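**Q** Shown below is the structure under consideration.
Just so you know, all these numbers are worked out from the coordinates, no wet-lab data involved. Computed from a prediction, not measured in an experiment: that's the story for all the values here. Reconstructed Cβ throughout: ideal geometry from the backbone, glycine too, with neighbour counts over all protein chains shown.
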Amino acid sequence: MGAWRSLISVLGDPNRRSRHDAILLLAPRRANDEPLKQTLASVLGKIKVETMRVANLRADRSEQKETPEQASNWLSGQIDWRR
């Protein structure tokens, strides 16, 4: 699903304290939007741990290091959105 790719964002980590956790955020004005909540819930569990590790390594390795945005784009392409 191409539309999902635009929903994956890289957040800044100015204090360099990233633990590579993923967070789904929902604006308060959308808190009662059931279709949106169902759609977001459908994303949970789509990223395998090993796939996330590879994405992290792509951004953290010392050689051929990618930007967080590049690693995020790669990760988006690895997700089976049909499941």
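**Q** In nm, to one decimal, how far is the residue 64 label point from the residue 37 one, both placed 7 Å along Cα→Cβ?
**A** 4.5
**Q** Quick one: 3J(HN,Hα) in Hz for segment 27-44, Karplus 6.51/-1.76/1.60 with θ = phi - 60°, rounded, Gly and Pro as x.
**A** 5, x, 5, 9, 4, 9, 7, 4, x, 5, 4, 5, 5, 5, 4, 5, 7, 4
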